[in-house]
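Notes for the one structure printed next.
The values are calculated or read from the model by the stated rules, or taken from the named source; none is laboratory data. Keep in mind the model is a prediction, meaning the values are calculated, not measured. Don't worry about glycine lacking a Cβ; one is built from the backbone with ideal geometry, like all the others, and counts go over all protein chains shown. All accessible areas refer to the heavy atoms of the entire protein, side chains included, with ligands and DNA or RNA removed. Shrake-Rupley method; radii C 1.70, N 1.55, O 1.52, S 1.80 Å.
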Amino acid sequence: MTTMIAARLHAYGSPMTLDRVDVPEPRPTDVLVEVKACGVVPNLARVVSNFFGSMTPDNKMMPPLPAIFGLDPAGVVAKTGEQVWSVRPGERVYVNPGRSCGSCLMCRRGQPRDCPSWTLQGYFGRSQDIMRAYPYGGLAQFITAPATALVKLPDNVSFEAAARFGYLGTAYSAMKKIGVGPGQALLINGISGQLGLNAALLALAMGATKILGTGRNQRLLDRVKALASERIDVISVPAPPSPAASGGGQGGADPLVVWAKLATDGHGVDGMIDCLPPGAPASAMMRALFCLRRGGRAVNVGAIMETLPLNAFWMMTNCIGLQGSVWFTTGEGEDMAAMARAGTLDLSVLEHRVSPLSKVNEVLAGMDDRDGGFTNFVIDPTRVE
Ligand SMILES: [Zn+2]
């Protein structure tokens, strides 16, 4: 096969078209993967409308057009470059789209996500050179990728479930940073959404003893609690107290904080992961931060864009930690594959909504119709009708 079908974007804000293009040849350290499933994240609709590109001068964050998007491809290795020795054609893989330059200080230190050129293949990023070198997203029948990007999939992880690894890995890497594990109580801010539900699945796998979760839709919250009702407690976010009763701005009178402390013998949670969607106000994250115990740590993978009214003196005197986290390493992807193989990471609650490649524009337009994080939008590029 020398040509393939790819969904390509020719202009931001316009629909993708199915085009016939050449199947790429893998370079010596690359592989060619036949894509069987590609996850579609709700944010992709914003990306192809140029929401992020318009935030930076000269669209330097966006791939050159025509572009093939698709962030979370899973499939079968079809061909390997001559310097690829530990991966063979026929192996089932997820392709981690995180690309780095490979030779800067941070790459040489083994911290590729801290590379100044870090770029998500099939999405957007910081290096036009990398986007030109790896122009194939998962909304195509074949892609090339470095062999170092491959997560080998156990037989009990379907391609559709692997197409969710982006959200899963984002939550996993973030929760590792704040020490989620046995004996720990964790608050997931936005637990029923696409990121938050995956954080809950991973927190269960990582051994968190108590998992608290906020949300707005009681029906979805009840479904999340049912995953492990003895370890998960959920709350439909109560109205905040009036400013006059806010306890000096440290959440003392907030019914959300009161609930979190009651659930943790008065201490507060050890960790908090913020998974709130775009458009959520800064106050929604501040309330969750005030649920931390002294010495608690928070990590943000959500999309709040408002500036936080952070009180540095409160952070210092309470030894509070707060950091951001982006994506995950291929090694962390291997961890997740191993947890899924062992059954400690249970992905069976995901409801795969699989569509052929020809329906990609309809899928992007219809993503608001979902059951919170339970719906997993997948494109199958092997089907073009
Ligand atoms: Zn680098």
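Observations, loosely collected:
- Only one of the listed residues (F313, F328) is among the aromatic types (F, W, Y) and open to solvent by 20 Å² or more (accessible area, probe 1.4 Å). That residue is F313.
- Sole exception among (1) in contact with a strand residue (DSSP E or B) (Cβ under 8 Å, 6 or more places away or on another chain); (2) open to solvent by 50 Å² or more (accessible area, probe 1.4 Å) for S192, by number: (2)
- Remark: pairs (first residue in the range 111-122, among the basic types (K, R); second residue within 7 Å of the ligand (Cβ to nearest atom) and open to solvent by 30 Å² or more (accessible area, probe 1.4 Å); Cβ separation under 8 Å; 6+ apart in sequence or on different chains) = R113/S100.
- Some residue of the range 271-286 being within 18 Å of I320 (Cβ to Cβ), open to solvent by less than 50 Å² (accessible area, probe 1.4 Å) and assigned to a loop (DSSP other than H, G, I, E, B): no
- Being within 16 Å of the ligand (Cβ to nearest atom) and surrounded by 24 or more Cβ atoms within 10 Å (Cβ to Cβ) holds for only one residue in Q121, Q128, Q111, and it is Q121.
- Within the range 92-108, restricting attention to residues that are within 10 Å of the ligand (Cβ to nearest atom) and either assigned to a loop (DSSP other than H, G, I, E, B) or under 23 Å from N361 (Cα atoms) (or both), the residue that is most open to solvent (accessible area, probe 1.4 Å) is S103.
- Taken over the range 228-258, the criterion of being open to solvent by less than 50 Å² (accessible area, probe 1.4 Å) and at pLDDT 95 or above is satisfied by A228, I232, D233, V234, I235, S236, L256, V257.
A quick yes/no check of all residues on (1) open to solvent by less than 50 Å² (accessible area, probe 1.4 Å); (2) within 19 Å of S358 (Cβ to Cβ); (3) in contact with a helix residue (DSSP H, G or I) (Cβ under 8 Å, 6 or more places away or on another chain):
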| site | (1), (2), (3) |
| --- | --- |
| G13 | no, no, yes |
| D19 | yes, yes, no |
| P42 | yes, no, yes |
| F52 | yes, no, yes |
| I68 | yes, yes, no |
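- Check on R8, in a strand (DSSP E or B) and either without any contact (Cβ under 8 Å) to a residue 24 or more places away in the chain or open to solvent by 20 Å² or more (accessible area, probe 1.4 Å) (or both): yes
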